[in-house]
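Colleague: Encoded as structure tokens, here's the structure I'll be asking about.
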Amino acid sequence: MAENKSFGDFINDMTSLDVVTLTGNLTVEVNNLQDSDGDDKPLKFTRIMQQLEGNILKKDSRISALAATHVSIDKDTVTFVKENLSPEEAVYLDFHNETVKAAGIARAAMADGIAKLLLGSRK
């Protein structure tokens, strides 16, 4: 269920960007796809992610961070990368870097849209 967030929470979230690339194996069991009336429920990404998040917290989960990047609004950036990457893991690092780039572009576009909404388009 989505939590209620304030406008201040939204602004705080917009001032930084975090991307974490995890590797490992997690299992999601897709079951109980019917609601209390016996009607089929659509498979939703949010439900799968909730189950994944629950599995990450289990003691027997085997995941590790391959890379983590934090970017502040002033573009200060901190990146962690696992040491001694294998050639297979290097592919995931490329994916991580592309994800950081795409997320930064999307965040900038969102900030621009919000600014135009609040300030109006000035040509």
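The values are calculated or read from the model by the stated rules, or taken from the named source; none is laboratory data. What you see is a predicted model, and the numbers here were worked out from it, not measured in a lab. Using ideal geometry, Cβ is built from the backbone for each residue, glycine included, and neighbour counts are taken over all protein chains shown.
Colleague: Considering each residue of region 70-122, count those that are of a type in the set (D, E, K, R) and not in a helix (DSSP H, G or I), and give that number.
Modeller: Here is the first cut: in region 70-122, the residues of a type in the set (D, E, K, R) are 74-76, 82-83, 88-89, 94, 98, 101, 107, 112, 116, 122.
So of that shortlist, the ones also not in a helix (DSSP H, G or I) come out as 74-76, 82-83, 122.
Number satisfying all stated conditions: 6.
Colleague: Tally time: how many residues in region 107-123 are more than 16 Å from T69 (Cα to Cα) and under 19 Å from the mean Cα position of the chain (by Cα)?
Modeller: First pass over region 107-123, keeping only residues more than 16 Å from T69 (Cα to Cα): 108-123.
Remaining after also requiring under 19 Å from the mean Cα position of the chain (by Cα): 108-111.
Of the residues in that region, 4 qualify.
Colleague: Right, next: Quick check, is S72 modelled with pLDDT of 85 or more and among the polar types (S, T, N, Q)? If you could, list the steps in order and put the result at the bottom.
Modeller: On the way: modelled with pLDDT of 85 or more: yes; among the polar types (S, T, N, Q): yes.
Taking the combined requirement at face value, the residue satisfies it.
Colleague: Of all residues in region 69-113, which are touching a residue at least 24 places away in the same chain (Cβ under 8 Å) and under 19 Å from N12 (Cα atoms)?
Modeller: T69, H70, V71, S72, I73, V100, A103, G104, R107, M110, A111
Colleague: Right, here's the next one. (1) modelled with pLDDT under 85; (2) under 16 Å from the mean Cα position of the chain (by Cα): which one isn't true of K41, the others all being true?
Modeller: Condition not satisfied by K41: (2).
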